Amino acid sequence: MKYYITTPIFYPNSSPHIGTAYTTVAADTLARYHRLLGDQVYFLTGTDENAQKIVRTAEANNTDPKVYVDGVVERFKDLWRALEISNDDFIRTTEERHQSVVQLIFTKLYEQGDIYKSEYSGWYCTPCETFWMENKLIDGKCPNADCGRDVELLKEESYFFRLSKYQGALLKYIEEHPEFIQPVSRRNEMIKFIEGGLEDLCVSRTTFQWGIKVPFDPKHVVYVWLDALINYISALGYPDGQKYQQYWPADVHIMGKDIVRFHAIIWPIILMAIDIPLPKVIYGHGWYLTKDGGKISKSRGNVQDSFALIQRYGSDAIRYFLLREMQVGTDGTYSEDNIVERLNSDLANDFGNFVSRSLAMIVKYREGIVPHPGQDGPLELELKALSSEVKKIVNQSLEGCDPASALEGIWRFVGRCNKYVDETAPWTLAKKEDQKERLDTVLYTFVECIRIMAILTAPFMPGLPTRICSLLGNDEKLIRWEEADQWGIIDSGIQVQKGEPLFPRIDVSQYLTEEETKTVDQSQMESIENEVAKTALEFEPIKEEISIEEFSKVDLRVGKVLSAEKVEKTDKLMKLEVEISGEIRTIVSGIAKHYSPDDLINQYVVVVANLKPTKLRGITSQGMILAASQGEVLEVLMINKELPGGSRVK
Ligand code: MSP
């Protein structure tokens, strides 16, 4: 079976954030699942580059739009790599292979009378790249619920696409294909919208030149949405490409709820007009919102660096969080606390703990050799039945583009495995000579449970199978979907290892907000943050006398600051990369209120070089830099002569 899945193509006007990543991670999970089923999968993502907002952002940055997007596109690609996204292609709408198909389709629609020239007089929302008629505006602003921003009045010669002509045919199609728009809440919204009447759509602009030119009237550029939607077939080489023949129609276009309207109305009408089949499913998921229900957006200053999050918690944990927290038909709540909570409870406590403690018992009681099992008892039979049930739940949920329910099902199995350990109490069996065979059965069942957990979670957390297989004798062949409810697959006699914890628990004091952290570990934070909040001139009492020998234990060195950046979510902490004797150290220091990164880069500071490393906000700080402070004033000690990093300070 072939399986063609797409994400929307992203506007590269700013770097992707963790909310934007949801669609791509969900699509990747479905693609990986179908590969495990043995399907021939084609998974497409890319960037939507011909938007007016790209021109605006590039202008604001004093750059050429192409130069600007080239930079941001790399950030998207980097993020997808960091999240282990397995896309087969990445299309950019500035590529020739896309532009020629858009021009071909535009010309065809014009020649057959579906596109005609007239004049557009109305409003345009550049952030949403959407035309609005006056009567749709709310208080003169964009009526889009997630937007509400200013709109601009346009009056220009334009080409129009006869959406109205296809209204009846589209409604009929939607009614006859209940699976076409999912979930059902979005389907109902779309039906209502279409029944309200479709107006012809303005599909060209003349007031800027960035975009794909209308071939027979080059002062017009093609409207960005018409251009963008076509990526789903241009990437396959429409009209005669082999991939187009093989993969079209798409099995799923997955996207956020805000853009279902374009995919469920404009896109099918384009396809009807050029007479090619419609995609099978258009799936609109919810949004990740902040705890207070707001959007994650740069302008609200709540965008966290996705790369830092991945570095802190690992790609698998971030993927797990995103997929688990977004329930069908609703929005998900994004916060770092939620990530840590999921990681600690679901991944470290439930999943990781089962794997470590069961493997540790095999190591302890059977020297790491998987024993031959005896007869199954009722508990083993129950686990076997549950694995079949859970595999079905996962199949059904993923067919319905619902990773959260699939994971919920898998965690029923994980929970049952943990309960099995307590019920069978191998530590008691190990003490009784006549229970040897029973203990063998239990230990064997443990490795089978681990294998099944690895298979079931493989589409969601692609880093896990390899790590688990390395504990189970490095046999990658253990990850076969069809064997997720089969038992007795692992050979007795193989050697297993306990290994490192799969998901180390996160110490909450590393990520809490500054105020919260103070209550967790007051002294640690205060020594680092230098009591800058004190306003009164209160000098600290001189500390107890020490000997010269004791002082000489403190190894002070000159360090050259190579880079500096503020630590997110704090206003005091600065992360520095400091060179000492050729070694590069990371040092977190409470100086961010007093220095900007540029003040520090290339300066020589004094470092306590033999201080035990400590973790601050998840960052391991390998030393401390010296600063003088009193009340609100703080000055970092700097060496003005160019003494190389590593020189002693005595
Ligand atoms: N370029 C158009 C899509 C054209 S497809 C032919 C576009 N781009 S976008 O960059 O603005 O959005 C891309 C996707 O990211 C959309 O599916 C959108 O819903 C999704 N998300 C953006 N922010 C999001 C969250 N905070 N949470 C979940 N998804 C979000 O629209």
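The values are calculated or read from the model by the stated rules, or taken from the named source; none is laboratory data. From a predicted model like this one, the values you see are computed outputs, not experimental measurements. Glycine gets a Cβ as well: all are built from the backbone with ideal geometry, and neighbour counts include every protein chain shown.
One residue stands out in the range 204-240 among those that are among the small types (Gly, Ala, Ser) and farther than 12 Å from Ser100 by Cβ: the one that is farthest from the chain's Cα centre (by Cα), namely Ser204.
With the structure loaded, tell me whether Glu423 is more than 30 Å from Tyr320 (Cα to Cα) and among the acidic types (Asp, Glu) or whether it fails that test. So Glu423 fails the test. Would you call Asp70 more than 18 Å from the chain's Cα centre (by Cα) and surrounded by fewer than 24 Cβ atoms within 10 Å (Cβ to Cβ)? Yes: the conditions hold for Asp70.
Of everything in the range 325-366 that is assigned to a helix (DSSP H, G or I) and within 16 Å of the ligand (Cβ to nearest atom), the residue that is surrounded by the most Cβ atoms within 10 Å (Cβ to Cβ) is Ile339. Exactly one residue among Tyr33, Tyr3 is touching a strand residue (DSSP E or B) at 6+ places or on another chain (Cβ under 6 Å), among the aromatic types (Phe, Trp, Tyr) and away from the ligand (no atom under 15 Å from the Cβ), and that residue is Tyr3. Of the candidates Gln375, Gln396, the single residue that is exposed (fewer than 15 other Cβ atoms within 10 Å of the Cβ), in contact (Cβ under 8 Å) with a residue 24 or more places away in the chain and more than 20 Å from Lys431 (Cβ to Cβ) is Gln375. Checked against (1) within 16 Å of the ligand (Cβ to nearest atom); (2) part of a helix (DSSP H, G or I); (3) charged (D, E, K, R), Glu49 meets all criteria but (2). Of the residues in the range 482-494, none is charged (D, E, K, R), under 16 Å from Ile362 (Cβ atoms) and touching a helix residue (DSSP H, G or I) at 6+ places or on another chain (Cβ under 7 Å). Looking at Asp485, Asp491, Asp434, just one residue is more than 29 Å from the chain's Cα centre (by Cα) and surrounded by 18 or more Cβ atoms within 10 Å (Cβ to Cβ), and that residue is Asp485. Has the range 185-196 got at least one residue that is within 16 Å of the ligand (Cβ to nearest atom) and part of a strand (DSSP E or B)? Looking through the range 185-196, none of the residues is within 16 Å of the ligand (Cβ to nearest atom) and part of a strand (DSSP E or B).
The residues listed here are Ile270, Ile296, Ile282, Ile274; of these, the one that is touching a residue at least 60 places away in the same chain (Cβ under 8 Å) and over 30 Å from Tyr110 (Cβ atoms) is Ile296. The set of residues in the range 574-610 being surrounded by fewer than 22 Cβ atoms within 10 Å (Cβ to Cβ), closer than 10 Å to Met624 by Cα and more than 30 Å from the chain's Cα centre (by Cα) consists of Val606, Val608, Asn610.
The conditions of being of a type in the set (A, V, I, L, M) and either within 30 Å of Glu336 (Cα to Cα) or surrounded by fewer than 18 Cβ atoms within 10 Å (Cβ to Cβ) (or both) are not met by Val558.
Looking at the range 214-224, is at least one residue in contact (Cβ under 8 Å) with a residue 24 or more places away in the chain, among the aliphatic types (A, V, I, L, M), farther than 19 Å from Lys53 by Cβ and part of a strand (DSSP E or B)? No, every residue in the range 214-224 fails to be in contact (Cβ under 8 Å) with a residue 24 or more places away in the chain, among the aliphatic types (A, V, I, L, M), farther than 19 Å from Lys53 by Cβ and part of a strand (DSSP E or B). Here His285 fulfils each of the conditions (1) surrounded by fewer than 17 Cβ atoms within 10 Å (Cβ to Cβ); (2) modelled with pLDDT of 95 or more apart from (1).
Here Lys117 clears all of (1) touching a residue at least 12 places away in the same chain (Cβ under 8 Å); (2) closer than 19 Å to Leu198 by Cβ; (3) outside any loop (DSSP other than H, G, I, E, B); (4) of a type outside the set (Val, Ile, Thr) except the condition numbered (2). Of everything in the range 239-252 that is buried (at least 19 other Cβ atoms within 10 Å of the Cβ) and over 23 Å from Leu109 (Cα atoms), the residue that is nearest to the ligand (Cβ to nearest atom) is Val252.
Would you call Asp275 charged (D, E, K, R) and away from the ligand (no atom under 13 Å from the Cβ)? It is true that Asp275 is charged (D, E, K, R) and away from the ligand (no atom under 13 Å from the Cβ). Can you give me the number of residues within the range 213-224 that are within 14 Å of the ligand (Cβ to nearest atom) and more than 15 Å from Ile115 (Cα to Cα)? Qualifying residue count, the range 213-224: 1.
Listed by first and then second residue, the pairs linking a residue in the range 332-356 that is closer than 18 Å to Gly293 by Cβ to a residue that is in a loop (DSSP other than H, G, I, E, B) and away from the ligand (no atom under 16 Å from the Cβ), with Cβ atoms under 7 Å apart and 6 or more places separating them unless they lie on different chains, are Glu336/Tyr511.
Would you be able to say whether some residue in the range 290-303 is at pLDDT 90 or above and away from the ligand (no atom under 14 Å from the Cβ)? Checking the range 290-303: not a single residue is at pLDDT 90 or above and away from the ligand (no atom under 14 Å from the Cβ).
Do we have any residue at all in the range 216-225 that's in contact with a strand residue (DSSP E or B) (Cβ under 7 Å, 6 or more places away or on another chain) and surrounded by fewer than 17 Cβ atoms within 10 Å (Cβ to Cβ)? No, the range 216-225 has no match at all.
Residue-by-condition table, conditions (1) in a loop (DSSP other than H, G, I, E, B); (2) of a type in the set (Ser, Thr, Tyr); (3) out of contact with any strand residue (DSSP E or B) (no Cβ under 7 Å at 6 or more places or on another chain):
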position: Ala58; (1), (2), (3): no, no, yes
position: Thr63; (1), (2), (3): yes, yes, yes
position: Val67; (1), (2), (3): no, no, yes
position: Phe76; (1), (2), (3): no, no, no
position: His98; (1), (2), (3): no, no, no
position: Gln103; (1), (2), (3): no, no, yes
position: Lys108; (1), (2), (3): no, no, yes
position: Gly113; (1), (2), (3): yes, no, yes
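Among the residues of the range 641-650, which ones are out of contact with any Ser or Thr (no Cβ under 6 Å at 6 or more places or on another chain) and either closer than 18 Å to Leu562 by Cβ or in contact (Cβ under 8 Å) with a residue 60 or more places away in the chain (or both)? Hits for the range 641-650 are Glu642, Leu643, Pro644, Gly645, Ser647, Arg648, Val649, Lys650. Of everything in the range 6-30 that is in contact (Cβ under 8 Å) with a residue 60 or more places away in the chain, outside any helix (DSSP H, G or I) and under 8 Å from the mean Cα position of the chain (by Cα), the residue that is nearest to the ligand (Cβ to nearest atom) is Gly19. Filter the range 29-53 down to residues that are charged (D, E, K, R) and more than 18 Å from Pro279 (Cα to Cα) and give me whichever is surrounded by the most Cβ atoms within 10 Å (Cβ to Cβ). Result: Glu49.
Per-residue answers, yes or no, for (1) of a type in the set (Gly, Ala, Ser); (2) within 21 Å of Val221 (Cα to Cα):
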{"site": "Arg149", "(1), (2)": "no, no"}
{"site": "Leu153", "(1), (2)": "no, yes"}
{"site": "Ser158", "(1), (2)": "yes, yes"}
{"site": "Lys172", "(1), (2)": "no, no"}
{"site": "Arg186", "(1), (2)": "no, no"}
{"site": "Ile191", "(1), (2)": "no, no"}
